[in-house]
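A.B. asks: Here it is, the structure in full.
The values are calculated or read from the model by the stated rules, or taken from the named source; none is laboratory data. Because the structure is predicted, anything quoted here is derived from the model rather than measured. Glycine gets a Cβ as well: all are built from the backbone with ideal geometry, and neighbour counts include every protein chain shown. In case anyone asks, the SASA skips ligands and DNA or RNA and just uses the protein heavy atoms, side chains included. Shrake-Rupley method; radii C 1.70, N 1.55, O 1.52, S 1.80 Å.
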Amino acid sequence: MSEKVYGLHAVRALLTRHAERVSTVTIAEGRADPRMAEIQSLAQKAGRTVKRASPAVFKQLFGDAVHQSVYVDVQPLAVWHEEELIAAIVKQLEATGAKPPFVLVLDGVQDPHNLGACLRTADACGALAVVIPKDRAVQMNATVRKVAAGAAETTPIAVVTNLARTLRLLKEAGLWIVGADAEAPKLAHESDLSGPIALVMGAEGSGLRQLTRDTCDLTVRLPQQGAVESLNVSVASGMLLYEALRQRLSAKKDH
């Protein structure tokens with residue numbers, strides 16, 4: 001069963017990186033600007049069908065969402081298992097000139113809106129994958145895909161049965177396991193997040209489980225000056241992901 005992914009950036013990314021999974025590109029009638037011409041050119045080069053539809057069709061499909069007058073029908077990205085996750089990390093570590101891999105690990109997040117938001121930010125920051133446990137956590141569903149705004153079709157979700165074991169395997173593969181903890185002794189910007197890392201976020205309210213915390217190589221926290229005790233997990237994930245991205249871009253510039 002295909003999924004519909006809308007928006008210029010998401011559609012361009014799919015046609016550039018995963019055109020084989022796209023069946024049809026649909027553009028709103030009356031759109032003939034350079035950005036839409038680029039989309040049409042990418043689709044034609046990939047041998048994908050391009051159709052036109054009225055704005056009313058877009059309204060019926062997507063409501064008030066900012067669809068930017070284009071969507072694609074795409075085969076959903078297959079869920080990764082532990083083996084595919086480790087293989088992808090090893091491949092990136094061994095590739096000459098490749099950027100150090102990093103993954104986002106969510107330890108029991110329950111709200112599909114949070115998972116979708118985390119997936120969207122992980123994609124924007126270049127994460128290799130988002131890892132979630134099979135049990136006692138929200139799984140991929142229509143709400144997650146909608147909130148992710150196309151990221152669910154470009155950034156793999158890895159579903160694992162034993163999160164602590166997976167973290168140990170990530171360590172063995174060469175990743176540094178970094179847990180987010182409000183009580184951590186070091187601030188995120190004081191820690192080196194520029195190398196191969198797995199950034200581990202806890203569940204809403206309860207944070208990291210003890211077994212997960214014990215598996216981490218270090219824990220970091222975000223600076224806070226207000227009255228609230230903690231941030232929403234998707235907000236905290238976004239801030240830490242962008243701190244990791246900032247450090248990576250800075251390290252690349254220094255080289």
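A.B. asks: For region 112-214, state which GluC sites (Glu not before Pro) are in a DSSP loop and have at most 13 other beta carbons lying within 10 Å of their beta carbon.
C.D. replies: In loop regions of region 112-214 (DSSP not H, G, I, E or B), the sparsely surrounded GluC sites (Glu not before Pro) are E183.
A.B. asks: Of S23, G174, A198, which is farthest on the positive side of the dipole of the chain, counting Cα position, with +1 on Lys and Arg Cβ, -1 on Asp and Glu Cβ, and the Cα centre as origin?
C.D. replies: S23
A.B. asks: Quick one: helix 8-17 against the long Cα principal axis of the chain, what's the angle to the nearest 10°, folded into 0 to 90?
C.D. replies: Between helix and principal axis, roughly 80 degrees.
A.B. asks: Then there is this: Taking a quarter of the surface of the Cα convex hull of region 92-137, what do you get in nm²?
C.D. replies: The number I arrive at for region 92-137 is 3.6 nm².
A.B. asks: I need the semi-axes of the equivalent ellipsoid of region 3-138: take the C-alpha gyration tensor, multiply each eigenvalue by 5, square-root it, list largest first in whole angstrom.
C.D. replies: Equivalent ellipsoid semi-axes, largest first: 31, 20, 12 Å.
A.B. asks: Helix-only estimate, please: 222 nm mean residue ellipticity of the chain, summing -39500 (n - 2.57) across DSSP H runs of length 4 or more and dividing by its residues, to the nearest 500.
C.D. replies: Helix contribution divided over all residues of the chain: -12000 deg cm²/dmol.
A.B. asks: Helix 34-45: angle to the longest alpha-carbon principal axis of the chain, degrees 0 to 90, nearest 10?
C.D. replies: In the chain, helix 34-45 runs at an angle near 90 degrees to the longest axis.
A.B. asks: Report ³J(HN,Hα) in whole Hz for each residue of region 150-165, in order, from the Karplus equation J = 6.51 cos²θ - 1.76 cosθ + 1.60 where θ = phi - 60°; Gly and Pro get x.
C.D. replies: So the Karplus estimates, Gly and Pro as x, are x, 5, 5, 9, 10, 10, x, 9, 9, 9, 10, 7, 9, 5, 4, 5 Hz.
A.B. asks: For Cα pairs less than 8 Å apart in space and 6+ apart in sequence, what is the mean separation divided by the residue count of region 128-229, i.e. the relative contact order in percent?
C.D. replies: Rounded, it is 28 percent for region 128-229.
A.B. asks: With respect to the cross-link table entries K4/K45; K91/K252; K91/K134; K51/K99, which display a Cα-Cα separation exceeding 29 Å?
C.D. replies: Where the Cα-Cα span goes over 29 Å, the pairs concerned are K51/K99.
A.B. asks: Averaged across orientations, what area in nm² does the convex hull of the alpha carbons in region 130-212 project?
C.D. replies: Computed as one quarter of the Cα hull surface, the answer is 6.7 nm².
A.B. asks: Have a look at A87, A56, A46 and tell me which one the Gaussian network model of the chain (Cα, springs below 10 Å) gives the largest fluctuation.
C.D. replies: Checking each option, the largest mean-square fluctuation is seen for A56.
A.B. asks: To one decimal place, what Kirkwood hydrodynamic radius in Å is obtained for the chain from all pairs of distinct Cα atoms?
C.D. replies: 19.3 Å
A.B. asks: Continuing with this model, one more query. Roughly how many percent of the accessible protein surface of region 65-146 is carbon and sulfur, given a 1.4 Å probe and a whole-percent answer?
C.D. replies: C and S atoms contribute 53 percent here.
A.B. asks: Using only the alpha-carbon atoms, how far is helix 82-94 inclined from the longest principal axis of the chain? Give it as 0 to 90 degrees, nearest 10.
C.D. replies: 90 degrees
A.B. asks: Additional query: Between Y242 and K134, with labels modelled 7 Å along Cα→Cβ, what's the label distance in nm to one decimal, could you check?
C.D. replies: My value for the distance between the label points is 3.6 nm.
A.B. asks: What are the ³J(HN,Hα) couplings of region 21-26, residue after residue, when phi is run through the Karplus curve with 6.51, -1.76, 1.60 and θ = phi - 60°? Round to Hz, x for glycine and proline.
C.D. replies: 8, 8, 9, 9, 10, 10
A.B. asks: Nearest 20 debye, what's the magnitude of the dipole of the chain about its Cα centre given +1 on Lys and Arg Cβ and -1 on Asp and Glu Cβ?
C.D. replies: That gives a dipole near 780 debye.
A.B. asks: For the pair K4/V50, report the inter-label distance in nm, with labels modelled 7 Å from Cα in the Cβ direction.
C.D. replies: A separation of 2.1 nm, rounded to one decimal place.
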